[in-house]
């Protein structure tokens, strides 16, 4: 049986101590500290009345996610009227991305548990193209390039996320659920590829611009995994989970240009930055018991990354046209991911 299913809460006989606390916030903080420092209290809610047997459970889910829009960044404008921008990075619509999520729980005593969790979703991709048969478009400072006479241009975006976490779970004293804390690593990568065709007189040229960023987050997180409706001992129930943490972020950007339009300029640059970033997760999952050992799961999941590097922002932070290459990195973007999770869980 699942490690979380092996533990059943036992009502407390008194709330006199809690009633003397001055405010809900102070009560919550003291309660979480007590649950962390006093793991032995969880034995009171063992379903076997103190029979602590090792338990094991695992689950596999498919994550079907969408991301919010790219940051606005003009790429090409009309030479006759610079206020008209037919191609902007923010106008690129990315589609759904899918990937697996794996979870393993092991409880050496049937009370507290260790959790391993990993997911990988690749890739959120999309593109947008514009054309001007009269060569009336102009590059808008793309890594320092301002070439006019552009007849067609395409911008393509690709991004993805993967995460590994190792958590310690502690039985909640008042509710059916767990308080968890542990280590988490998150990698977010974002790429932008821009191509165009130019015509100047009888001369035809082309350009390729690419910029890629990787934000690698390392840090600690805390969270709650609770039953909101029903009970894990029943046929169906609703779970809610929330996790959050502040992370060290090693951000990297790499930019490249191959421009035939400007006398075959081929250059590249890279830069790094040490940042403080945020990552949070919130999800609601409906569970249906299929047998003593199998549970079907489906729900809605959200992720939020704060203060990470976006590919589109690097177009203004770097200059590969000037004789003296300007290298930099800009990391100020936030990314919101949301979608469905579908899977199965098995426990013994």
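Against the numbered list (1) assigned to a strand (DSSP E or B); (2) buried (at least 16 other Cβ atoms within 10 Å of the Cβ); (3) in contact (Cβ under 8 Å) with a residue 40 or more places away in the chain, residue 189 comes up short only at (3). I'd like the residue in the range 131-154 that is in contact with a helix residue (DSSP H, G or I) (Cβ under 8 Å, 6 or more places away or on another chain) and not in a strand (DSSP E or B) and, out of all such residues, is surrounded by the fewest Cβ atoms within 10 Å (Cβ to Cβ). Checked the range 131-154; the qualifying residue surrounded by the fewest Cβ atoms within 10 Å (Cβ to Cβ) is 141.
For the range 58-83, how many residues meet the condition of being outside any loop (DSSP other than H, G, I, E, B) and over 30 Å from residue 344 (Cβ atoms)? Spell out how you get there, then give the answer.
Kept after step one, since they are outside any loop (DSSP other than H, G, I, E, B), are these residues of the range 58-83: 58-67, 74-78, 81.
So of that shortlist, the ones also over 30 Å from residue 344 (Cβ atoms) come out as 74-78, 81.
Residues in the range 58-83 being outside any loop (DSSP other than H, G, I, E, B) and over 30 Å from residue 344 (Cβ atoms): 6 in total.
From the list 184, 128, the one residue that fits, being in a strand (DSSP E or B), buried (at least 17 other Cβ atoms within 10 Å of the Cβ) and touching a helix residue (DSSP H, G or I) at 6+ places or on another chain (Cβ under 6 Å), is 128.
For the range 318-325, check the following and say yes or no: at least one residue is under 20 Å from residue 117 (Cα atoms), in contact (Cβ under 8 Å) with a residue 12 or more places away in the chain and surrounded by 15 or more Cβ atoms within 10 Å (Cβ to Cβ).
Pass one, the range 318-325, residues under 20 Å from residue 117 (Cα atoms): none.
Looking through the range 318-325, none of the residues is under 20 Å from residue 117 (Cα atoms), in contact (Cβ under 8 Å) with a residue 12 or more places away in the chain and surrounded by 15 or more Cβ atoms within 10 Å (Cβ to Cβ).
Of the candidates 225, 212, 207, the single residue that is within 23 Å of residue 81 (Cα to Cα), part of a strand (DSSP E or B) and touching a residue at least 60 places away in the same chain (Cβ under 8 Å) is 207. Does any residue in the range 54-68 that is closer than 25 Å to residue 123 by Cα come within less than 8 Å, Cβ to Cβ, of a residue that is outside any strand (DSSP E or B) six or more places away or on a different chain, and which pairs are these? From the range 54-68, the pairs are 64/96; 65/96; 66/94; 66/95; 66/96; 67/94. Summed over the range 225-267, the residues that are under 20 Å from residue 293 (Cα atoms) and over 27 Å from the mean Cα position of the chain (by Cα) give a count of 7.
Within the range 274-317, the set of residues being surrounded by 20 or more Cβ atoms within 10 Å (Cβ to Cβ), more than 15 Å from the chain's Cα centre (by Cα) and in a loop (DSSP other than H, G, I, E, B) comprises 311, 312, 313. When the range 193-225 is filtered for residues that are more than 27 Å from residue 275 (Cα to Cα) and either crowded, with 16+ Cβ neighbours inside 10 Å or in contact with a helix residue (DSSP H, G or I) (Cβ under 7 Å, 6 or more places away or on another chain) (or both), the ones remaining, listed by number, are 194, 195, 196, 197, 198, 199, 205, 207, 225.
Here, each number is a calculation from the coordinates, and none is a lab measurement. Predicted model only: the values in this text are computed from it and were never measured. FYI the Cβ positions are ideal-geometry reconstructions off the backbone, even for glycines, and counts take in every protein chain you see.
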